[in-house]
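Asker: Below is the structure I would like to discuss, written out as structure tokens.
Derivation of every value follows stated rules applied to the coordinates shown; laboratory data play no part. In this text the structure is predicted, and so the values were computed from the model without any measurement. Glycine also receives a Cβ, built like all others from the backbone with ideal geometry; neighbour counts cover every protein chain displayed.
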Amino acid sequence: MPHEHRDDCGHESHDHDHDHPSADLGFQDNLFIHIDRQNVVALNATGNASSIIKPWHARLDEQAQFLESDADDQLIIRVPFTGTVRLKAVLFKSGPAGHTPQKIALFANGHNLDFGDINDITPTQEFLIPQSQDVGEYTLKTAKFSNISSLTIFIPASQGAETTRVYYLGFLGTWTEPKNQPIITVYEAQANLADHEKIQGMDGTWSAPGH
């Protein structure tokens, strides 16, 4: 069920949404510039994985590239950050209609998860996804997403279409510059589609910011 919108965003985030006007110099807790976009990886996907990591002003652009699942409607997206982050919310736009995910599962620091092992791991948090043309803001349990360097998003099924589509993926939170040399993670180029196994369950919350 959606969280009630509140305007008192000046304090630390708990369970409320951030609805910043576009003139608000910019959505200052948006982590777009702190995403290692060239190393964003999608498994079982067609399209450029980094194309859905867009600036805030381009979040509603449906003419640009989108990411679509390939062999079936499941999708894994791995997002590394350029330092450590404390995530407050995930911003997500999908569709249309049946191409919308039924749900998404988030794994903090799930660097190398693939379809062969993701069913055996409990998600850090998970959300149901409504069919909407808006960007949904999904409020996170911040204590579970503190001091992380990457996030893995798993989409287990669409809402009826043969494939799943994602148009925009963004993050709200705070970023800390790494104190040491960055760790270079080697991602596998392709998942073994034979390892696909559907999972079910999950619940969550959704809201539409910026409208």
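Asker: On a full-extension model of 0.36 nm per residue, what is the gain between Ala143 and Glu177, subtracting their alpha-carbon distance, rounded to one decimal in nm?
Answerer: Between Ala143 and Glu177, full extension yields 10.3 nm more.
Asker: Same structure, new question: Taking the alpha-carbon distance from Lys93 and a cut-off under 19 Å, which lysines remain once sequence neighbours fewer than 8 residues away in the same chain are dropped?
Answerer: Filter leaves Lys54, Lys103.
Asker: What number comes out for the charge environment of Tyr167, summing +1 per Lys or Arg and -1 per Asp or Glu over other residues with Cβ under 12 Å away?
Answerer: Within the 12 Å Cβ shell, the charges total 0.
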